[in-house]
Structures are given as structure tokens and as C-alpha cells.
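First up is the structure itself, then whatever we jot down about it.
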Amino acid sequence: MDLISEILVTPFMQRALIGSLLLAILLGLFGVFIVPRKLGFMADGVSHASLLGIAVGIMFGGAPLMWAALVAACIGLVLARIEDNERLTLDSVVGIVLVGGMSSAVILMALTPGYKPELITYLFGSLLSISWNDIYLLIAFFVVTLFLFKIQWRTLVLTTVHGELSSVLGLPTSAAKYFLFVGTSVALIAGVKLLGVILISALLIIPFSAANQATRSLRGSLILTECLAIIGTITGIILSYVYDLPTGPAIALVFVALFLGCVIIGRIKSRPVLGPEHNH
Amino acid sequence: MVEKSSDKIIIHAANVDKWFGNFQALKGVSADITEGEVVVVLGPSGSGKSTFIRCINQLEEHEAGEIVVDGIEINDDSRNLQKIRSEVGMVFQQFNLFPHLTVLDNVALAPRKVKKMPKKDAEELAMAGLTRVGIPEQAIKFPTQLSGGQQQRVAIARALAMQPKIMLFDEPTSALDPEMIKEVLDVMRELAESGMTMIIVTHEMGFAREVADRFLFFAEGQIVEQGTPDHFFNNPQEDRTKLFLSQIL
Ligand SMILES: Nc1ncnc2c1ncn2[C@@H]1O[C@H](COP(=O)(O)OP(=O)(O)O)[C@@H](O)[C@H]1O
Ligand SMILES: [Mg+2]
């Protein structure tokens with residue numbers, strides 16, 4: 001009880017909890033569509049490569065995360081275009097982007113004189129780094145994104161459950177796809193202060209992957225995904241506060257544990273609804 | 001068999017090449033299909049049958065050659081693609097219904113989303129389609145509550161709900177239990193008799209012989225032989241055709 005009231009009156013913890021709640025809902029939701037489409041690796045590529053934006057921000061001034069969001073949105077746009085290209089496979093391009101972005105970021109950093117204490121924050125997240133301004137921005141992003149989800153919901157569901165069939169039926173799939181790619185990319189950056197670029201994809205990928213082990217219906221896995229995302233982030237934040245652990249790794253490990261728990265539960269139950277698509 | 005009312009070529013394929021990486025799945029395939037014609041595509045597994053029909057509605061992009069569907073050339077213009085997709089219905093071997101939508105919603109979906117039809121009109125159209133394939137009473141169930149044969153009939157109704165000019169079938173009965181094959185073939189036979197242009201990949205030779213105007217026989221990515229069913233049953237020319245028919249009949 002003491003601990004809880006202490007946490008609730010500590011301003012930086014208030015910010016961290018509000019922020020993590022919004023991020024968990026957002027990234028959990030994107031994960032419901034990203035994971036079944038086998039785009040999890042894309043998320044890693046985007047977040048790692050966005051370190052370039054952070055390096056640019058640190059070196060030349062301006063908010064590093066704004067630069068990172070710009071970089072991420074551009075990468076998301078390009079990857080959405082490439083997805084159906086037969087000459088380039090998506091994961092090879094993601095691999096190239098990841099390597100290219102990170103290497104140029106590290107070289108930029110090396111060229112910048114002086115000590116860069118904030119770098120570790122961007123790599124692994126830090127509770128103390130989240131400001132009220134960050135929270136206001138996050139709320140705005142949250143509202144806009146939920147609105148776009150509402151508009152694209154049906155198409156997202158249909159193209160995720162059966163992409164080829166959606167194409168054959170002539171459903172307009174491309175607006176939903178661009179929303180998914182760009183929205184996910186920017187949402188990942190929104191979570192960088194919490195988990196860091198290295199680990200942020202955990203919040204996108206693990207909640208749905210875990211939920212999908214334990215439920216069969218679309219609605220069920222959606223609800224469970226959001227619950228797990230919220231529980232995992234908040235538990236991780238509290239552990240990180242109490243034991244003074246790096247925030248990102250603490251949250252990520254809680255998610256790994258939740259995932260293992262769901263795998264065990266899922267062994268007792270049955271097969272997933274949103275599996276990878278089979279064709280001919 | 002119905003007399004063909006026109007000789008209008010509705011699908012024109014010329015020298016179509018399709019590569020998967022270093023593997024050439026289609027090697028200069030050419031075929032002209034007239035309106036109302038029923039074409040059955042035969043050939044051993046891996047010969048390119050699916051790839052050919054998937055190129056017609058651009059589930060696969062061809063690398064060389066020309067495909068024109070109802071006067072619209074398939075190219076990089078996505079408006080053309082959209083038009084072609086609304087004129088070409090397709091029925092897959094399996095995995096063909098959205099599991100989270102009712103049967104009625106599955107059928108009404110494309111008219112509502114693509115043709116922007118009001119919900120009520122789309123549902124009426126969907127019910128008419130379900131009646132046509134003989135299962136109006138299943139409308140409010142979910143796909144998993146239906147037998148395989150019924151699911152495939154729903155898939156046909158759904159394709160028909162877009163009022164396509166052409167229907168593609170890729171082994172529509174191959175995943176079904178034997179006792180359900182007939183009900184699906186009956187629906188397809190009725191469709192053929194109504195004058196629909198159809199391309200059907202199937203191994204059901206009795207059915208094929210009955211409904212087809214023409215057989216195309218594929219081997220190793222090429223059309224090796226083509227002709228009427230009688231030609232194939234009585235007088236096949238190529239060794240590969242003879243071998244294939246001896247295995248399947
Ligand atoms: N997406 C794909 N990637 C790589 N190879 C493919 C793909 N689709 C089909 N193929 C290959 O192309 C050839 C023709 O396949 P397909 O058209 O499916 O044959 P069929 O329908 O006659 O059995 C096969 O050798 C198959 O392995
Ligand atoms: Mg096939």
C-alpha cells in the first residue's frame with residue numbers, strides 16, 4: 001500500500017504510468033495486425049534505424065525523437081511500397097535499413113565531440129526522461145491514431161485474416177496498409193523513452209504473440225493483447241522503479257515471462273485464429 | 001452445352017512469362033478465351049495451372065507477354081487492376097471464407113465495400129446468391145458451422161455477388177470429401193449453362209468432359225495441347241497428354 005501511494009504521488013512515475021498505458025494500448029493494437037502479417041522484423045528494423053534520427057537531433061539540435069519519428073515515418077512509407085515487390089523481399093530491405101541506419105548513427109555520434117549521457121536513455125529507455133510535454137504529444141498522437149484505426153478497422157481485419165482473398169474481392173487495401181506501416185513506425189518512436197530503440201518492438205510483438213497462444217477468437221485475442229500489454233508495461237515500470245533497474249529491459253523481460261506463461265496455457269487449449277495465411 | 005452468342009475474346013493472353021526467382025513457371029503461354037466459353041485447365045501438379053489463372057487476376061505479376069481482360073490491359077496502372085478484379089471472380093481450393101464473418105456477411109462484403117452498395121441491398125443480393133447455390137438457410141451461420149461443400153458454395157455465391165463476367169476456379173473440389181464434390185460441381189454446372197465465362201482447374205474428368213468447350217493441357221509451364229473434350233478423350237496427340245490422361249482416368 002505504501003509503495004503504491006508513493007508511486008502515485010511521484011510526478012515522474014505519474015508521467016511514466018500514463019505514458020505507458022497509452023503506449024501499451026497503441027502498440028498492442030498495431031501488434032494485432034503486424035504480427036499475423038509476419039512484419040515483426042520490420043518493427044525492429046524501423047526502431048533501430050531511427051537511431052539515425054536521434055543522432056542527428058543530438059548533433060545538430062532539435063528534439064531527437066522528432067527527427068527519429070521523421071526517419072521512421074519515411075522508412076515505413078518505403079517499406080509499405082516495397083511489400084509487394086517481387087524483386088526485393090521485405091526482410092532483406094529491413095535488414096539493410098537497420099544496418100544502414102544504426103551504423104550511420106554510431107558514426108555520427110563518434111564525430112560529435114563530448115559526452116552524450118542521453119544516448120543510453122534512447123537505447124534502453126528511462127523513467128526519468130518522460131516530460132509532461134511528451135505526455136501531451138502522446139495523447140494527441142493516441143487520439144488521432146485511434147480515429148484512423150476506426151476508419152480502417154474492417155479493412156485491416158480482412159486483409160490480415162486473408163490478404164489474398166481481400167485482393168481477389170477487390171477490397172481497397174492500400175490505404176489501410178500505408179496506415180499500418182507508417183502508424184506502427186511512428187508509434188514505435190513514441191515509445192522510445194520507455195523501452196529504448198533496442199527493445200521497443202517487444203511491446204508491439206509480444207502481447208499479441210502471447211495472446212494468440214491462449215485464445216481462438218479475434219475479439220478474444222484483441223482484448224487479451226491489450227490486457228497483457230498494459231499489465232506487462234506497468235509491472236515492468238514498477239519493478240524498474242523499486243529495484244532501480246533499466247526500464248526497457250525490465251519491461252521486456254516481464255513480457256518474455258508473460259509470453260512463456262501464455263504458451264503453457266495455450267498448450268492446454270487450441271489453435272490460433274490469426275495464423276499465417278496458407279495458400280495453394 | 002449452350003451455343004456461344006458471340007465470338008468476342010474476353011481474355012487474351014499472349015506469350016506470358018512468369019518467373020519465381022530463377023524458376024520459370026510460365027513459358028510463353030498464349031490463349032484466347034471467348035465470352036461464354038468454359039475452359040478446363042488440365043496438367044500435372046506443378047505445371048503452372050494455378051500460376052496461369054492467378055496471372056489473369058494479377059495475384060501474380062507476369063514478367064513478359066500481354067494479358068488483356070475484357071479490353072483492359074493488365075499493367076502497372078492500379079485502376080486497371082481494380083477494374084479487372086471486379087470483373088473476375090475467383091474460387092480457391094480452400095481457406096476461402098472469412099472465419100469471423102457470418103455466411104451472409106461474407107457474401108455481402110464485396111458489394112458493400114467495393115461497390116458501396118447500401119447494406120440492405122447488398123444483403124438482398126447476397127441472399128439471392130445463397131439461394132442460387134442452394135443454401136439460403138445457412139445465411140446467419142459462421143463458416144466453421146458448415147460442411148466443406150457448403151462452404152465452397154458460399155465462396156461461389158460470394159464471387160457471384162460482384163456480378164463478374166469471368167469466374168476462375170482453382171481446384172474447387174480438391175479439398176472436399178468425396179460425398180461433397182457433387183453438390184459443388186452441380187452449382188458450377190448450372191453456372192456454365194447460364195453462359196458464364198469460366199476457367200476451371202480440376203481433375204474431375206467426368207464433369208470436365210460434360211461442361212468444357214475446350215481443354216488446355218499444361219506441362220512444365222507451357223500449353224502442350226488443346227482441343228475439345230472429345231479430342232482429348234479419343235484422339236490425344238502428345239505423349240505427355242496421353243501419359244497424364246492414363247494416370248488420371
Ligand atoms: N510463390 C511461389 N514461389 C516460388 N515458386 C512457386 C510459387 N508458386 C508456384 N511456384 C512454382 O511454380 C510451379 C507451378 O506452380 P503452380 O502454378 O502452382 O502449379 P499447378 O497449379 O499446376 O500445380 C511449381 O513448380 C511451383 O513450385
Ligand atoms: Mg495448383
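Taking the protein heavy atoms of segment A:2-268 in the context of the full set of protein chains, the accessible area attributed to carbon and sulfur is 73 percent at 1.4 Å. The B and A chains share an interface that buries close to 2200 Å² of accessible area, total over both sides, probe 1.4 Å.
Averaging 1/r over every pair of different alpha carbons in segment B:105-146 and inverting the result gives a Kirkwood radius of 10.5 Å. Percent of Cα pairs in the protein assembly as shown per distance bin of 20 Å, from zero to the largest separation: 20, 44, 27, 8, 0. Dipole size of the protein assembly as shown about its Cα centre, with +1 on Lys/Arg Cβ and -1 on Asp/Glu Cβ: approximately 1500 debye, rounded to the nearest 20. To put it simply, the accessible area of segment B:84-181 at a 1.4 Å probe is 53 percent carbon and sulfur. Among the listed pairs A:38/A:177; B:115/B:165; B:120/B:141; B:83/B:182, which are separated by more than 21 Å between their Cα atoms? Those over the limit are B:83/B:182.
With heavy atoms of protein chains only and a 1.4 Å probe, what residues of segment A:148-180 have at least 30 Å² less accessible area in the full set of chains than alone? For segment A:148-180, once contacts with the other chains are taken into account, A:154, A:158, A:161, A:162, A:164, A:165, A:167, A:168, A:169, A:170, A:171, A:172 lose 30 Å² or more.
Averaging 1/r over each pair of different alpha-carbon atoms in segment B:19-87 and inverting the result gives 13.2 Å, the Kirkwood hydrodynamic radius. Ranking A:234, A:121, A:169 by how far each Cα lies toward the positive end of the dipole of chain A (charges on Cβ) leaves A:169 at the top. Ranking of B:162, A:59 by solvent-accessible surface, largest first: A:59, B:162 (1.4 Å probe, protein heavy atoms only, all chains present).
Counting only protein heavy atoms and a 1.4 Å probe, chain B has 43 square angstrom of accessible area per residue. Shape class for segment A:2-268, computed from the alpha carbon gyration tensor (a ≥ b ≥ c): oblate, with a/c not under 1.5 and a/b at or below b/c. What does the C-alpha gyration tensor say about the overall shape of segment B:62-132? Classify as rounded when a/c is under 1.5, otherwise prolate if a/b is larger than b/c, or oblate. Prolate, because a/c is 1.5 or more and a/b exceeds b/c.
Going by the alpha-carbon gyration tensor, a ≥ b ≥ c the square roots of its eigenvalues, is segment A:92-154 rounded (a/c under 1.5) or, if a/c is not under 1.5, prolate (a/b greater than b/c) versus oblate? All intermediate terms of the calculation are to be shown ahead of the outcome.
Numbers: a/c = 3.61, a/b = 1.43, b/c = 2.53.
Oblate.
Evaluating kT/(6 pi eta Rh) at 25 °C and 0.890 mPa s, with the Kirkwood radius of segment B:127-202 over Cα pairs in the Stokes-Einstein relation, gives 195 µm² s⁻¹. Residues considered: B:78, B:50, B:30. Largest GNM mean-square fluctuation over chain B, using C-alpha springs under 10 Å, is found at B:78. Computed from the C-beta positions of residue A:96 and residue B:237 and an R0 of 41 Å, the FRET efficiency is 0.20 to the nearest 0.05.
Evaluated with a Cβ-only charge set (Lys, Arg +1; Asp, Glu -1), chain B carries a dipole of roughly 800 debye about its Cα centre, given to the nearest 20. Placing R0 at 56 angstrom, the Cβ-Cβ distance between residue B:189 and residue A:257 gives a FRET efficiency of 0.45 after rounding to 0.05. Helices of chain B meeting both criteria, an alpha-carbon length of 27 angstrom or more along the long axis and an average Kyte-Doolittle score not below 1.0, with helices taken as full DSSP H segments, do not occur. Within chain A, which complete DSSP H helices have Cα atoms spanning at least 18 Å along the helix axis and a mean Kyte-Doolittle hydropathy of 0.5 or higher? Helices meeting the span and hydropathy rule in chain A are A:11-34, A:64-82, A:90-111, A:132-161, A:174-190, A:201-214, A:218-242, A:247-268. For chain A, a simple Cβ point-charge model (Lys and Arg +1, Asp and Glu -1, everything else neutral) yields a dipole of about 580 debye relative to the Cα centre.
Rolling a 1.4 Å probe over the protein heavy atoms gives chain A an accessible area of 45 Å² per residue.
Only Cα pairs under 8 Å and 6+ residues apart enter the sum, and on that basis the relative contact order of chain A stands at 28 percent.
The values are calculated or read from the model by the stated rules, or taken from the named source; none is laboratory data. Keep in mind the model is a prediction, meaning the values are calculated, not measured. Because the Cβ atoms are built from the backbone with ideal geometry, glycine has one as well, and the counts that use them run over all protein chains shown. Areas reflect the complete protein model, heavy atoms only, side chains present, ligands, DNA and RNA absent. Shrake-Rupley method; radii C 1.70, N 1.55, O 1.52, S 1.80 Å.
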